[in-house]
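These notes concern the structure reproduced below.
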Amino acid sequence: MTPFYIVLGLLGALVVWAIFAYNGFIRMVQRAKEAWADIDVQLKRRYDLIPNLMETVKGYAKHEQGTFEKVTAARVAAMDAGGVEAKAEAENMLTDALKSLFAVAEAYPDLKANTNFLELQRELSDTENKIQAARRFYNTNVRDLNTAIESFPGNIIAGMFRFEPREFFELGANEAVAREPVKVSFN
């Protein structure tokens, strides 16, 4: 009778471990989703700031239509991008387009002194910092989830319940340029 209780105890411990492991994966998946939602909120804030910024610059630099079209196209592409990798690539293009917009603004001293432009510039800089913080938070959660999915014995539960690794929100192919912050100050 004792071997029966030992086997029953081991099976019970295995079931309890499986339940805790499964719930741990659910928590990690939810944290990764929450972290992605944080990134999404900051990106939407950035998308909302860009038209105001462009309108302010347009008032001073009417003949820079190509730059405005580039920023608008990059913004639309970033808003429509699906998936982590496509979103990262589109965000890199938008960052490059914004750098072009700020380069245009550099040529207009009156614009650089405009309080509305300076406030939009400050808000965009703040948003860029929040995007970077949200990106780090997301990548940390994805790292933890992916490690748990690939590590033994958690990989058994992950495989049984089809938990999939997530993609990191990385800067992409143009990483050296993308690491540079968008220039938003004029002195």
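Tabulated data for the structure shown
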item	result
Efficiency of FRET between Phe152 and Asp110 - r from beta-carbon atoms, R0 45 angstrom, step 0.05	0.10
Cα-projected label distance for Asp80 with Glu119, points at 7 Å along beta-carbon direction, nm	3.3 nm
Hypothetical label at Phe161: residues of segment 7-33 whose amide nitrogen lies under 20 Å (7 Å Cα-Cβ projection)	11-33
Charged-residue dipole, Cβ positions (Lys, Arg, Asp, Glu), the chain about Cα centre, Debye nearest 20	340 debye
Spin-label pair Thr140/Lys33, simplified geometry with 7 Å Cα→Cβ offset, distance in nm	2.1 nm
Expected 222 nm ellipticity per residue - DSSP helices of 4 or more, -39500 (n - 2.57), all of the chain, to 500	-27500 deg cm²/dmol
Using alpha-carbon coordinates, inclination of helix 2-58 to the longest axis of the chain, degrees	10 degrees
Helix axis angle, 84-106 relative to the chain longest principal axis, alpha carbon, degrees	20 degrees
Read-out semi-axes √(5λ) of the Cα gyration tensor in Å, derived from the coordinates shown; its label in (i) 50, 21, 13; (ii) 50, 14, 12; (iii) 36, 27, 7	(ii)
Folded to 0 to 90 degrees: helix 115-150 orientation relative to the chain principal axis, Cα	20 degrees
Percentage relative contact order, the chain, counting C-alpha pairs under 8 Å, at least six apart	32 percent
Hits among lysines - C-alpha to C-alpha of Lys99 under 19 Å, sequence gap 8 or more where chains match	Lys44, Lys58, Lys62, Lys70, Lys87, Lys112, Lys130, Lys183
Pairwise centroid distance, computed over Cα atoms, of segment 1-70 with segment 117-144, Å	14 Å
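Every number in this text was worked out from the coordinates using simple rules, so none of it is lab data. Everything numeric in this text was worked out from a predicted model, so none of it was measured. Cβ: placed from backbone, ideal geometry, glycine included. Neighbour counts: every protein chain shown.
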